[in-house]
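Here is the structure we will look at, set down as structure tokens.
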Amino acid sequence: MGGTTDDRADVDTAMDAVALALPVLIALITVALAFDFLNGLHDAANSIATIVSTRVLPPRAAVVWAAFFNFIAFLAFGVHVATTLGTGVIDPQIVDGAVIFGALGGAIVWNVVTWAFGIPSSSSHALIGGLLGAGIAKAGFSAVVWLGVGKTVAAIVLSPAIGLVLALTLVLVVAWTSIKLTPMAVDKRYRRLQLLSAAAYSLGPGGNDAQKTMGIIAVLLYSQGQLDGGFHVPLWVILTCQAAMALGTLMGGWRIVRTMGLRITKLTPMQGFCAETGGAATLFAATFLGVPVSTTHTITGAIVGVGAARRVSAVRWNVASSIVYAWVITIPASAAVAAATYWAVLILK
């Protein structure tokens, strides 16, 4: 009987520990969803910048259009990116509440700063930088999964380059196939087609970006023993992350829309169609391969590509170069904030 009493006491103690940890777990999931919302707010510009700048849709209609396709993206894609982010950036065995909070803190601070100044930086790389900063702060560089980080770093260069080349190629193909049409006929055709290309591109952020938050929540649940079986992404996590992303997109981000759609280069509906189609193709390929690319980088490369197809001077290279500078410092800046947040959490404990 004594042994049974001890066992019951152990169970009661364990249940108390879980009860104490549950509010913290819920709070961390809420913070992760807040990041997902900010991601949608911040990256709404990627989905709607071209369709707004070409005046095919007004801003409010454009964000509703983008938000709908953001939400249904989970029907078209698996969760390969979520798995990569959950297990392929830092060792999931070292993940705890402080690491997740630090990672999200670094990413959120960087997102808010760049959104406030209208800088189209990458929410994806801010989150990856946050994970790296918090993970290294806890366990040193041994916590880094270098293969996964290598894929991400390669994507920083490749995604805008591929988007640029595809968009540039599409402009040349479309110009050749439309050579017998009047400018008005071309404009009318691609105003209609741009609705489809914008929808396709909006699936990209929903399929790639939302999965990054899914990976964060899933690895948190996994580290807390809340997942039955091995690492996987529960359906409720998928749905809540897609909803948070779509809601953020509905709130829009006009400052970044202005930079992306108006300041880099002027766009026609035909050029907008080419930029969105090139960007969408790049995102679809990356999402199916499980590579967490930046939707911001991809659409920026595509917009530069269609501008350069007209003439190199059509691109405002000073604006494009300032965007590149923001890309370069995103991972180290968010990593530094994440590490500081992690240490602050430990001190406050």
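The values are calculated or read from the model by the stated rules, or taken from the named source; none is laboratory data. Given the structure is predicted, the values throughout are model-derived calculations rather than measurements. No Cβ is skipped: glycine too gets one built from the backbone with ideal geometry, and neighbour counts run over all protein chains shown. Quick note on the areas: whole protein, heavy atoms, side chains included, nothing else; ligands and nucleic acids left out. Shrake-Rupley method; radii C 1.70, N 1.55, O 1.52, S 1.80 Å.
Tabulated data for the structure shown
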read-out	value
Search result, residues across the range 169-186 that are of a type in the set (A, V, I, L, M) and either within 30 Å of the chain's Cα centre (by Cα) or open to solvent by 60 Å² or more (accessible area, probe 1.4 Å) (or both)	LEU170, VAL171, LEU172, VAL173, VAL174, ILE179, LEU181, MET184
Selection from the range 112-141 of residues that are among the polar types (S, T, N, Q) and either on the phi > 0 side of the Ramachandran plot or out of contact with any Asp or Glu (no Cβ under 9 Å at 6 or more places or on another chain) (or both)	THR114, SER121
Test result for THR213, of a type in the set (S, T, N, Q) and either surrounded by fewer than 23 Cβ atoms within 10 Å (Cβ to Cβ) or more than 18 Å from GLN242 (Cα to Cα) (or both)	no
Residues that are touching a Ser or Thr at 6+ places or on another chain (Cβ under 9 Å) and of a type in the set (Gly, Ala, Ser), drawn from the range 276-298	GLY278, GLY279, ALA280, ALA286, GLY290, SER294
Residues of the range 61-86 that turn out to be closer than 21 Å to LEU132 by Cα and open to solvent by less than 20 Å² (accessible area, probe 1.4 Å), as a count	4
Residue ID - nearest to ALA326 (Cα to Cα), chosen from residues in the range 84-106 that are out of contact with any Ser or Thr (no Cβ under 7 Å at 6 or more places or on another chain), not in a helix (DSSP H, G or I) and not β-branched (Val, Ile, Thr)	GLY88
Qualifying residues in the range 187-241 (those that are among the acidic types (Asp, Glu) and in contact (Cβ under 8 Å) with a residue 24 or more places away in the chain) - the one farthest from PRO23 (Cα to Cα)	ASP187
Restricting the range 285-321 to residues that are in a helix (DSSP H, G or I), hydrophobic (A, V, I, L, M, F, W, C) and over 21 Å from the mean Cα position of the chain (by Cα), the residue that is modelled with the highest pLDDT	VAL306
Checklist (1) outside any helix (DSSP H, G or I); (2) touching a Pro at 6+ places or on another chain (Cβ under 9 Å) applied to LEU181, failing item	(2)
Single match in VAL109, VAL165, VAL157, VAL81 (criterion: without any contact (Cβ under 8 Å) to a residue 40 or more places away in the chain and in a helix (DSSP H, G or I))	VAL157
Some residue of the range 93-107 being touching a Phe, Trp or Tyr at 6+ places or on another chain (Cβ under 7 Å) and more than 20 Å from TRP343 (Cβ to Cβ)	no
Check on VAL324, surrounded by fewer than 17 Cβ atoms within 10 Å (Cβ to Cβ) and modelled with pLDDT under 70	no
Qualifying residues in the range 228-248 (those that are of a type in the set (A, V, I, L, M, F, W, C) and part of a loop (DSSP other than H, G, I, E, B)) - the one modelled with the lowest pLDDT	PHE231
Matching residues in the range 115-163 - criterion: being more than 26 Å from PHE284 (Cα to Cα), at pLDDT below 85 and open to solvent by less than 60 Å² (accessible area, probe 1.4 Å)	ALA116, GLY118
Every residue from the range 282-313 that is small (Gly, Ala, Ser) and closer than 21 Å to SER123 by Cβ	ALA285, ALA286, GLY290, SER294, GLY301, ALA302
Meets criteria (open to solvent by 80 Å² or more (accessible area, probe 1.4 Å) and either closer than 20 Å to VAL291 by Cβ or aliphatic (A, V, I, L, M) (or both)) for LEU166	no
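Rundown of residues vs (1) hydrophobic (A, V, I, L, M, F, W, C); (2) assigned to a helix (DSSP H, G or I); (3) in contact with a Leu (Cβ under 7 Å, 6 or more places away or on another chain), yes/no style:
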residue: VAL186; (1), (2), (3): yes, yes, no
residue: GLY204; (1), (2), (3): no, yes, yes
residue: ASP209; (1), (2), (3): no, yes, no
residue: GLN226; (1), (2), (3): no, no, no
